[in-house]
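Q: First the structure, then my questions, so here it is.
What follows is calculated from the coordinates using simple rules that are stated; it is not laboratory data. Note that the coordinates shown come from a computational prediction; the quantities given were computed from them, not determined experimentally. Glycine gets a Cβ as well: all are built from the backbone with ideal geometry, and neighbour counts include every protein chain shown.
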Amino acid sequence: MEKIWIRIKGATRILIRIIVEVPHRFVINIFDTLFGFLSWPEKKIRVGIFILQDPQTNPAVSPADLDAAIEYAKTSFKKNFNTRLLPHKNMQPFTEMLQKKAPYEALNTKGSIGALAEEFKITGSFFASNLSGLFYPITAFVVLDIDHASGCSLGPLTDYVTLDPVGAKNASTLAHEIAHACGLWHIRSKSNLLWRTFSRGDEVKWWQKNIFRGSRHVTYW
Ligand SMILES: [Zn+2]
């Protein structure tokens with residue numbers, strides 16, 4: 001019975017995200033959806049990063065390990081999208097150790113389609129109950145391991161992305177996963193931020209600006 005309830009809650013969370021995303025893209029942010037390539041005016045995106053702690057070992061990542069990724073995302077988003085990256089709650093640091101104990105399933109999570117299945121299980125409930133905020137800010141959870149990936153995002157279907165210790169310490173992965181959360185998908189161009197591997201560049205195409213700036217996560221306030 002409890003399992004069914006967890007699945008219903010997972011499906012409801014995704015459905016609500018779709019219902020919230022559509023009017024943002026096509027009403028509130030319609031100017032950006034059409035003319036985002038102009039990168040005007042300046043917009044804001046708020047991000048909170050929580051490092052999950054493994055009860056068995058010392059944390060594999062400290063908040064300072066994320067500094068390079070935060071700087072990269074700040075520079076890339078300002079240059080490409082005229083969007084300022086801010087901490088989820090103003091005046092607080094971007095990165096905190098999550099004080100609550102994380103279940104094994106959240107510490108060792110899945111990538112790509114497996115991550116979608118996790119949304120309907122204990123992992124999805126845990127991430128949902130530890131978000132830094134609903135709908136607008138993006139929460140990045142640093143976990144111990146992601147199957148076959150160093151970072152993962154379910155795009156606009158959730159308010160969070162995940163990074164493993166390697167992805168957290170890599171400069172461009174945080175920005176790449178946030179870009180997924182804002183609706184962008186992989187493209188076959190090595191110099192692009194949406195190139196699949198760490199060898200990616202930080203360039204974006206004009207239509208990627210429209211999609212990114214039209215996201216509910218990218219706000220005027
Ligand atoms: Zn990706």
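Q: Which pairs do you get when a residue that is of a type in the set (Phe, Trp, Tyr), found in the range 4-33, comes within reach of a residue that is part of a helix (DSSP H, G or I), reach meaning Cβ atoms under 8 angstrom, with the pair 6+ apart or on two chains?
A: PHE26/THR33
Q: I'm checking my understanding of the structure. Among residues of the range 181-221 that are of a type outside the set (D, E, K, R), assigned to a helix (DSSP H, G or I) and surrounded by 13 or more Cβ atoms within 10 Å (Cβ to Cβ), which one is nearest to the chain's Cα centre (by Cα)?
A: First pass over the range 181-221, keeping only residues of a type outside the set (D, E, K, R): 181-187, 189, 191-195, 197-199, 201, 204, 206-208, 210-212, 214-215, 217-221.
Those still in the list that are assigned to a helix (DSSP H, G or I) too: 181, 206-208, 210-212, 214.
Now narrow it down to the ones that are surrounded by 13 or more Cβ atoms within 10 Å (Cβ to Cβ): 181, 208, 210-212, 214.
Values: ALA181: 5, GLN208: 16, ASN210: 18, ILE211: 15, PHE212: 12, GLY214: 15 Å.
Taking the candidates together, the pick is ALA181.
Listed here are the residues, each with its yes/no results for (1) part of a loop (DSSP other than H, G, I, E, B); (2) farther than 30 Å from ASN170 by Cβ; (3) out of contact with any Gly (no Cβ under 6 Å at 6 or more places or on another chain).
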residue	(1), (2), (3)
ILE16	no, yes, yes
GLU21	no, no, yes
LEU34	no, yes, yes
TRP40	yes, yes, yes
ARG46	no, no, yes
ILE49	no, no, yes
GLN53	yes, no, yes
GLN56	yes, no, yes
ALA60	yes, no, yes
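Every residue, every condition in (1) within 16 Å of the ligand (Cβ to nearest atom); (2) over 25 Å from ARG213 (Cβ atoms); (3) surrounded by fewer than 21 Cβ atoms within 10 Å (Cβ to Cβ), yes or no:
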| residue | (1), (2), (3) |
| --- | --- |
| THR109 | yes, yes, no |
| ALA128 | no, yes, yes |
| THR158 | yes, no, no |
| ASP164 | yes, yes, no |
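Q: Starting from the range 73-84, take each residue that is on the phi > 0 side of the Ramachandran plot and list its partners that are crowded, with 16+ Cβ neighbours inside 10 Å, counting only C-beta distances under 6 angstrom and pairs at least six apart or across chains.
A: ASN82/SER39
Q: Determine if the range 173-188 includes at least one residue that is of a type outside the set (Gly, Ala, Ser) and more than 16 Å from the ligand (Cβ to nearest atom).
A: Quick first cut of the range 173-188, residues of a type outside the set (Gly, Ala, Ser) only: 173-174, 176-178, 180, 182, 184-188.
Pick out the ones that are also more than 16 Å from the ligand (Cβ to nearest atom) and you get none.
No: zero hits.
Q: Assess whether ASP65 counts as being surrounded by fewer than 21 Cβ atoms within 10 Å (Cβ to Cβ) and assigned to a loop (DSSP other than H, G, I, E, B). Let's see the steps before the verdict.
A: Details: surrounded by fewer than 21 Cβ atoms within 10 Å (Cβ to Cβ): yes; assigned to a loop (DSSP other than H, G, I, E, B): no.
Judged against the criteria, ASP65 is not a match.
Q: Which numbered condition trips up THR123, out of (1) assigned to a helix (DSSP H, G or I); (2) surrounded by fewer than 16 Cβ atoms within 10 Å (Cβ to Cβ)?
A: (2)
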